[in-house]
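Read through the structure below, which is laid out as structure tokens, and then see the notes.
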Amino acid sequence: MNAQVVRLLSGVSVHGDQHLAEVERDLVQMDGLLDEAIKKLCASFMAIHHVVDQQQDALNGLLAGGMPATECSARFEMLRGEINQHVGAAVTGLQFQDMTSQLIGRMVQHLAGLRDVFDALGTNAPTLPESSNESLLHALNHISERVGACCNELAGSVRSTVNQRHMESGDIELF
Amino acid sequence: MAKTILAVDDSGSLRQMLAFSLKAAGYGVIEAVDGEDGLEKARKQTVDLVLTDQNMPGMDGLSLIKALRGMKNYQSVPILMLTTESGDDMKAMGKAAGANGWMVKPFDPARLTEVIRKLIG
């Protein structure tokens, strides 16, 4: 009888731990992605600001008549190219929202799963009979099965779909 | 006339980034919020290329690709998957469904447009 109770409690602990471990993993991954995204976006912002300053200098030079128009035109084209490059880097960084949103969705599912595990023990669990050991064992087995079923059901549906650890652009493969 | 790309993704910010990058490269962009929306829009107008996410509520990317390949006017339209998924098993499923390529997020605008230019000019 005690062994059954211990087994039930272990089952709850293991299933609960699994959910929490997944949530912890996703939070760590999200933290890393957000940190990189913010760093890249800051770098892009500063770089764009710097190039815009250079554009203004070139414009001032043109207005002051200090630089030939063709040379100015080439300079402006070069600066535009630089801005496009930095904007591209910012676009890559801005995609962190999509990935972190998926990770949050997965965490929410695991937390719901954790709630189901506790729910199996709580108000929806059969009333534990006081009189007979056999009935008590039966009730405990039923609870244990429900806890296991909850976790199996969730495990099949909550895949890890975001493996990125860094905000670097991903592979492209043409078939 | 500018080539048109159908961009299917349930993430609003991702669609915004795609539209910004593709329009800057000279393409027209039609946005769809999920697989079913994408299929409906593809039926209304035949586009030159489809970019689709995989994990979307309702109809996912693989199902969308299969549905499009079942349409006469989408037999040879290039379809690219753009997704966080990077596993070989998923790529194999994408290829079997009829995708022409697999791109892992986050995308780099310059590389994305380079690939698209190779496919549709």
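No lab work stands behind these numbers, since they all come straight from the coordinates. What you are looking at is a predicted structure, and each value in this text was computed from that prediction instead of being measured. Using ideal geometry, Cβ is built from the backbone for each residue, glycine included, and neighbour counts are taken over all protein chains shown.
Below, the figures for the structure above:
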item	result
DSSP-defined beta bridges in the protein assembly as shown - what % are antiparallel, rounded to 5	15 percent
Computed over the stretch B:4-120: relative contact order in percent, which uses C-alpha pairs under 8 Å that are six or more apart	24 percent
Kirkwood Rh (inverse of mean 1/r, distinct Cα pairs), chain B, angstrom	14.0 Å
Amide H contacts under 5 Å for residue B:31, placed H, 5+ residues apart	B:7
Note, ³J(HN,Hα) from phi for the stretch A:86-92, Karplus 6.51, -1.76, 1.60, rounded to Hz, x at Gly and Pro	5, 5, x, 5, 5, 4, 4
Tail weight of P(r) past 20 Å, computed on alpha-carbon pairs of chain A, percent	69 percent
³J(HN,Hα), Karplus 6.51/-1.76/1.60, whole Hz, each residue of the stretch B:39-52, x for Gly, Pro	5, 4, 5, 5, 5, 6, 9, 6, 9, 8, 7, 10, 10, 9
P(r) of the stretch A:44-101 over all Cα-Cα pairs, binned every 10 Å from zero, in whole percent	23, 39, 22, 11, 5, 0
Net charge, residue A:106 excluded, C-beta distance under 14 Å - Lys, Arg +1, Asp, Glu -1	-3
Packing-based exposure ordering (other Cβ within 10 Å, fewest first) of A:142, A:49, A:86	A:49, A:142, A:86
Among the listed pairs B:91/B:118; A:40/B:95; B:41/B:105; A:40/B:41; A:40/B:66; A:39/B:41, those beyond 31 Å (Cα-Cα)	A:40/B:95; A:40/B:41; A:40/B:66; A:39/B:41
Net charge of Cβ neighbours under 15 Å - reference residue B:3; Lys, Arg +1; Asp, Glu -1	+1
For the stretch B:16-26, Karplus couplings with θ = phi - 60° (6.51, -1.76, 1.60), whole Hz, Gly/Pro x	4, 5, 5, 4, 4, 5, 6, 5, 4, 8, x
